[in-house]
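One structure is given below, encoded as structure tokens.
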Amino acid sequence: MTLYVMRIGGFSIMIYSMTGFGRAEEQNDRYKITVELKSVNHRYLEFNIKAPKKFSLFESSIRNLLKEYAVRGKIDVFISYEDFTAGSVTLNYNRDVAAQYVNYASRMAEEFGLSNDLTVSRLMGCADVLTMEEVAVDEEELWKELEAVLRKAAESFRATRNAEGENIRNDLYAKLDHMNADVEKIIEREPGIIEEYKTRLREKTKELLEDAQIDEGRIAAEVVIFADKICTDEETVRLQSHIKNMREALKNGDGIGRKLDFLAQEMNREANTTLSKSNDRETSEIAVELKTEIEKIREQIQNIE
């Protein structure tokens, strides 16, 4: 798998998706351990661990280890273990229990005048005469074996999240470029809107007054009021600032999902205000296009860790 990595100042800056998959397996003549990791989007970091009972004491250690590889997402952890050693369990003979069975069998035969047909094979089948117990394991050694496989799976898991994260980053860069171009169009369009309004106002006034002299001062005042009403300087400056900040955040690497989501909300707020101020068809169409692009960005950001 190819990883696309940005390098800034000699350091590798990565970005991660919240969806990913990783798998690792270790097998020798004593055991086989398999670990699978799957993740989907989630507001926080959440683990769902399914493992054999013998690994239950390591649940906290498993969580702490995986926190090194993920910041957000719902992660399913599947662990399987096969023990190939014959000595993994031991058979215990409970002599006292067997003696009680023999004693009671003899008493019953004597009291009721029955033949005592108790045999060794029957005695072995009596409850608790023979018991199976797991051999005590070396917890430190067992964790060492599990940890090695967990880290391999986690590295694979993080690689898939990074590959998808880089694709998302490239897509967001393209969308931000498109947004920036739209904002530039709005800025460039505003003087033309004012000039067109001024021309229309003069023509309308001339039509109404016919030969009377036009009060240029009044027209200028009306144009100023109109210009102030449709002015989107504040909104466009903020949009450009948010676009710049989002690009910077994308360069800074992992753990940025919440910040990007906040910036997208602020972008949407400014685009809404721009649209509400616009009384020009071209500007309105650009503002609607901006809102559409922001919504696409917000959807992509939901996938970022």
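Side notes on the structure shown:
- Strands (runs of 3 or more DSSP E) wholly inside the range 1-59 containing at least 1 residues that are modelled with pLDDT of 85 or more: 20-27, 31-40, 45-50
- Residues located in the range 60-103, provided they are among the hydroxyl-bearing types (Ser, Thr, Tyr), modelled with pLDDT of 90 or more and assigned to a helix (DSSP H, G or I): 60, 61, 101
- Residue pairs whose Cβ atoms lie under 9 Å apart, separated by 6 or more positions or on different chains, with the first residue in the range 94-114 and among the hydrophobic types (A, V, I, L, M, F, W, C) and the second part of a helix (DSSP H, G or I), are 98/123; 98/124; 102/123; 105/123; 114/108.
- Filter result for the condition that a residue is within 22 Å of the chain's Cα centre (by Cα), at negative phi, surrounded by 16 or more Cβ atoms within 10 Å (Cβ to Cβ) and not acidic (Asp, Glu), over 297, 286: 297
- Some residue of the range 145-154 being at pLDDT 70 or above and not assigned by TED's automatic domain parsing to the domain that holds residue 66: no
- Of all residues in the range 21-45, exactly one satisfies the criterion of being surrounded by 15 or more Cβ atoms within 10 Å (Cβ to Cβ) and more than 20 Å from residue 156 (Cβ to Cβ), namely 31.
- Residue match in the range 219-229 (condition: at positive phi and modelled with pLDDT under 85): no
- Residue within the range 109-120 that is surrounded by 14 or more Cβ atoms within 10 Å (Cβ to Cβ), in the same structural domain as residue 36 (by TED's automatic domain parsing) and not small (Gly, Ala, Ser) present: no
- Odd one out for residue 125 among (1) exposed (fewer than 13 other Cβ atoms within 10 Å of the Cβ); (2) touching a His at 6+ places or on another chain (Cβ under 6 Å): (2)
- Summed over the range 19-37, the residues that are over 16 Å from residue 143 (Cα atoms) and aromatic (Phe, Trp, Tyr) give a count of 1.
The values are calculated or read from the model by the stated rules, or taken from the named source; none is laboratory data. These figures come from a predicted structure and were not determined experimentally. Virtual Cβ from ideal backbone geometry, glycine too; neighbours counted across all protein chains shown.
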